[in-house]
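Structure first, then comments.
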Amino acid sequence: MDQNNQIILGGGCFWKFEILMQRLHQVEHVEVGYSGGNLDYPCYRLICTGATNHAEVIKVTYKAGTLEEILQIFFENHDPTQLNRQGFDIGTQYRSCIYYYSEDQLEIINKVMKTLEEGVVTEVAPFKNYWRAEEMHQKYLEKAGQSADKGSEDIILLLGINYSMRSQSNLVDLQNFEGSDEGFREAADYTMGLIAPYLIYLVIGFILIYGFLHMLPTRQPKKTKKYQKR
């Protein structure tokens with residue numbers, strides 16, 4: 001495959017951008033992976049620690065002459081002014097980034113970025129490495145029941161967040177989403193996996209504070225002397 005027609009893009013959770021790019025007629029192939037870090041053969045659990053410095057990315061193979069439009073859609077569907085985060089997804093793995101293969105690509109990237117507002121923190125760098133993500137992450141939202149058909153403008157649901165083809169994120173009514181029960185269960189399990197450690201810390205903290213308060217000496221009320229009349 002000619003790498004001049006491939007580019008690496010990162011803009012938060014890679015599930016969203018994978019299905020977004022799958023829908024574009026300009027895109028021939030897309031897959032999710034990890035890129036830009038310093039560890040060989042990384043896995044999802046290590047990525048989530050932030051220690052590998054890899055970003056969640058998509059590897060896009062596009063039709064010749066369509067990179068500029070793809071980049072415009074890329075920037076329209078995430079916030080490139082947020083450093084090392086996208087919304088509630090926080091960490092270097094969620095950074096906005098573009099890794100290019102050629103100077104021709106860099107020229108197009110610079111052209112598109114000049115049209116953006118100030119404050120963009122997107123990392124732009126030559127291709128360094130890329131590792132394909134685990135199979136469970138490939139076509140994740142499509143397997144959960146969402147449409148990846150070319151030209152589809154269906155709402156993309158990602159853990160309660162709505163991403164349209166041409167808009168930033170906003171809340172979506174889950175009752176109006178026609179997804180599979182399996183997809184909802186997977187999303188719920190993933191969400192619980194994220195918040196469970198914090199709930200455990202909260203419970204432990206409450207127990208420690210409760211125990212500490214009960215260890216404090218309690219002040220006894222002063223006894224008053226009673227005088228009897230003679």
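The values are calculated or read from the model by the stated rules, or taken from the named source; none is laboratory data. The model shown is predicted, which means the values in this text are computed figures rather than measured ones. Don't worry about glycine lacking a Cβ; one is built from the backbone with ideal geometry, like all the others, and counts go over all protein chains shown. Just so you know, the surface numbers come from the protein's heavy atoms only, side chains and all, with ligands and any DNA or RNA stripped out. Shrake-Rupley method; radii C 1.70, N 1.55, O 1.52, S 1.80 Å.
List of remarks:
- Selection status of VAL32, among the aliphatic types (A, V, I, L, M), out of contact with any Ser or Thr (no Cβ under 8 Å at 6 or more places or on another chain) and farther than 17 Å from GLY151 by Cα: yes
- Residues (of a type outside the set (Gly, Ala, Ser) and under 16 Å from the mean Cα position of the chain (by Cα)) located in region 24-51: GLU31, VAL32, TYR34, CYS43, TYR44, ARG45, LEU46, ILE47, CYS48, THR49
- Whichever residue in region 122-138 is of a type in the set (D, E, K, R) and under 20 Å from LEU71 (Cα atoms) and, among such residues, is least open to solvent (accessible area, probe 1.4 Å): GLU123
- From the list ASP154, ASP104, the lone residue that is exposed (fewer than 14 other Cβ atoms within 10 Å of the Cβ) and farther than 28 Å from THR52 by Cα is ASP104.
- Neighbours by Cβ (under 7 Å, 6+ apart or cross-chain): first from region 116-135, on the phi < 0 side of the Ramachandran plot and of a type in the set (Val, Ile, Thr); second open to solvent by less than 70 Å² (accessible area, probe 1.4 Å) and not in a loop (DSSP other than H, G, I, E, B): VAL120/MET113; VAL121/SER96; THR122/SER96; THR122/CYS97; THR122/ILE98; VAL124/ILE98; VAL124/ILE109
- In region 36-48, of all residues being in contact with a helix residue (DSSP H, G or I) (Cβ under 9 Å, 6 or more places away or on another chain) and not in a loop (DSSP other than H, G, I, E, B), the one that is most open to solvent (accessible area, probe 1.4 Å) corresponds to CYS48.
- Only one of the numbered conditions (1) assigned to a loop (DSSP other than H, G, I, E, B); (2) without any contact (Cβ under 8 Å) to a residue 40 or more places away in the chain; (3) not acidic (Asp, Glu) is violated by VAL30, and that is (1).
- Residues within region 57-96 that are small (Gly, Ala, Ser) and open to solvent by less than 50 Å² (accessible area, probe 1.4 Å), tallied: 3
Residue-wise test of (1) over 21 Å from GLY12 (Cβ atoms); (2) surrounded by 10 or more Cβ atoms within 10 Å (Cβ to Cβ); (3) at pLDDT 80 or above.
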position	(1), (2), (3)
TYR140	no, yes, yes
SER164	no, yes, no
LEU171	no, no, no
MET192	no, yes, no
ARG219	yes, no, no
